[in-house]
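Working notes for the structure below.
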Amino acid sequence: MVRQPSINAQHRTPLSTERIIEAALRIVDGQGLARLTMRRLGDALEVEAMAIYHHLPRGKEQLLDALVTHVASSPAQADGAASAGWREPLRRWAAGYRERLLAHAGVLPLLVTRRNSAALTTTVRSLQEVLRRGGVGEEAAAAAAHTVLGYVIGHAALEVRGTPEDGADRPVDWDSRFTAGLDLVLAGVG
């Protein structure tokens with residue numbers, strides 16, 4: 001059965017890749033990754049599922065890659081890193097990135113399991129730039145950028161699981177634990 005366009009279709013924003021990604025993100029955030037189907041996405045956008053393939057020809061695989069890129073690409077701001085040092089810009093970035101990952105926790109499994117290195121390239125390069133402008137050498141900046149990124153992603157993954165990694169049967173203050181761990185990671189940079 002062919003779906004007839006609704007009255008709202010005349011006043012709806014045209015379908016675009018960005019609109020598709022935003023709708024998919026709302027589904028994942030609200031219902032979980034397992035509930036993301038092309039049909040459900042089409043319903044959310046008030047279009048036939050096949051219309052999505054015009055913008056994402058590889059279908060769901062391309063959509064999942066786009067979700068990872070949308071959530072994972074969050075460059076650090078290198079402005080002022082030379083004069084103010086690199087620690088504060090990295091702390092601000094890490095706190096914001098953690099918030100972003102926790103806000104889109106349904107995408108986190110994709111971030112750690114899919115081979116989409118391009119999704120993190122912009123972020124890693126920006127972290128390296130903050131470190132370099134702050135006086136950290138090229139090789140150390142590359143290692144530190146990956147370490148900081150890995151720490152934030154790993155901590156967010158543990159936090160989403162909600163289990164204390166030390167096995168203690170008590171509530172975990174995730175904010176304090178994150179800050180303390182980040183301080184240790186940054187202290188190791190030099």
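No value in this document is a laboratory result; all are computed from the given coordinates. Since the structure is predicted, the reported quantities are computational estimates derived from the model, not experimental observations. Heads up, the Cβs are rebuilt from the backbone with ideal geometry, glycines too, and the neighbour counts pull from every protein chain shown.
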Fill in: Total charge dipole magnitude, region 74-187, about the Cα centre, Cβ charges on Lys, Arg, Asp, Glu only, Debye to nearest 20
340 debye
Discussion item. Show me the trypsin sites (Lys or Arg not before Pro) within region 115-190 that DSSP assigns to loop and that have at most 13 other Cβ atoms within 10 Å of their Cβ.
Written reply: Arg115
Practice prompt. Quick one: divide the alpha-carbon radius of gyration of the chain by 2.2 N^0.38 Å and tell me what you get.
Written response: 1.23
Fill in: Rg(Cα)/(2.2 N^0.38 Å) for region 74-187, N = residue count
1.09
Worksheet item: Given H placed 1.01 Å from N in the peptide plane, which residues other than close sequence neighbours of Trp86 have an amide H under 5 Å from its amide H?
Response: none
Worksheet item: Between Arg58 and Thr122, how many nm apart are label points set 7 Å from Cα along the C-beta direction?
Response: 1.7 nm
Fill in: Cα Rg over Rh - region 7-57, Kirkwood
0.96
Item to complete: With r as the distance between the Cβ atoms of Thr13 and Leu158 and R0 = 35 Å, compute the FRET efficiency 1/(1 + (r/R0)^6) and round to 0.05.
Response: 0.40
